[in-house]
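One structure is given below, encoded as structure tokens.
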Amino acid sequence: MKDTAEIPIFPLNTVLYPQGVLPLRVFEARYVDMTKSCIGDDEVFGVCLIHEGRETGSPATPEVWGCTARIRHWEVPTPGLFSLITQGERIFCIRERFTTPSGLTRALVQYAAHPDPQPVPARYQPLAQLLEDVAGQIDPRLLPTPLRLDDAAWVAWRLAELLPLAAEDRLRLLQLRDGAAMLALIERHIGSAHAP
């Protein structure tokens, strides 16, 4: 598997994690063309949190860390509009980027190593239980299956998708490679949210 690739970048006000499910509505011409190309060639695009700018209009400046997204399902409810279900695959860091004449950002990215599988440490078992409880109460299409409640990184990513974390914490989580450290970040957020 290659360590680097050139891919299109979709800057958004969200952070995508590996295996995460991300529904998208695509209507801007540059992203409609990107979507058609990704579907036709079975290619991925990169999702990066916006560093500066907006999701629509002039090209936004993306953060350097992101995650590739693969289109799992698509529909065209009206001409010029795509309704997508995408899923996160690989974390990357942007090394170089440029903007095409259509306003699409493309980048040379370096893929990061996937976190080693690590069981959920005993002190964080309540977080795995919390995720299991929440999973039974939400739309099952919003969570990848099967549930991997014994994988520390997987549990941290899924909780980050469901909890109201600050953008910088979401981005920090994407950069961590140690499952226990990731769960510690989630625990700190939950603790501060319940502090008097």
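Quick notes
- Taken as a whole, the condition of being under 25 Å from P8 (Cα atoms) and not in a loop (DSSP other than H, G, I, E, B) applies to P62.
- Cβ pairs under 9 Å, 6+ apart, first in the range 139-167 and assigned by TED's automatic domain parsing to the domain that holds P126 and of a type in the set (S, T, N, Q), second surrounded by 14 or more Cβ atoms within 10 Å (Cβ to Cβ) and assigned to a loop (DSSP other than H, G, I, E, B): none
- Residue match in the range 67-84 (condition: of a type in the set (S, T, Y) and closer than 30 Å to A180 by Cα): yes
- Scan of the range 1-41 for residues that are at pLDDT 95 or above, farther than 19 Å from L81 by Cα and either hydrophobic (A, V, I, L, M, F, W, C) or in a strand (DSSP E or B) (or both), ordered by number: T4, A5, E6, I7, V15, L16, V21
One line per residue, one yes/no per condition, for (1) surrounded by 12 or more Cβ atoms within 10 Å (Cβ to Cβ); (2) at pLDDT below 95; (3) not assigned by TED's automatic domain parsing to the domain that holds L12; (4) not in a loop (DSSP other than H, G, I, E, B):
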{"position": "E43", "(1), (2), (3), (4)": "yes, no, no, no"}
{"position": "G57", "(1), (2), (3), (4)": "no, yes, no, no"}
{"position": "A69", "(1), (2), (3), (4)": "yes, no, no, yes"}
{"position": "F82", "(1), (2), (3), (4)": "yes, no, no, yes"}
{"position": "R97", "(1), (2), (3), (4)": "yes, no, no, yes"}
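- Condition met for L104 (in contact with an Asp or Glu (Cβ under 6 Å, 6 or more places away or on another chain) and surrounded by 14 or more Cβ atoms within 10 Å (Cβ to Cβ)): no
- Number of positions in the range 45-55 that are touching a Ser or Thr at 6+ places or on another chain (Cβ under 7 Å) and part of a loop (DSSP other than H, G, I, E, B): 1
- Selection count where residues are touching a Ser or Thr at 6+ places or on another chain (Cβ under 9 Å) and either at pLDDT 95 or above or closer than 19 Å to T68 by Cα (or both), scope the range 99-144: 7
The values are calculated or read from the model by the stated rules, or taken from the named source; none is laboratory data. Bear in mind the structure is a predicted one, so any value in this text is a computation, not a measurement. Quick reminder, even Gly has a Cβ in these numbers, built from the backbone with ideal geometry, and neighbours come from all protein chains shown.
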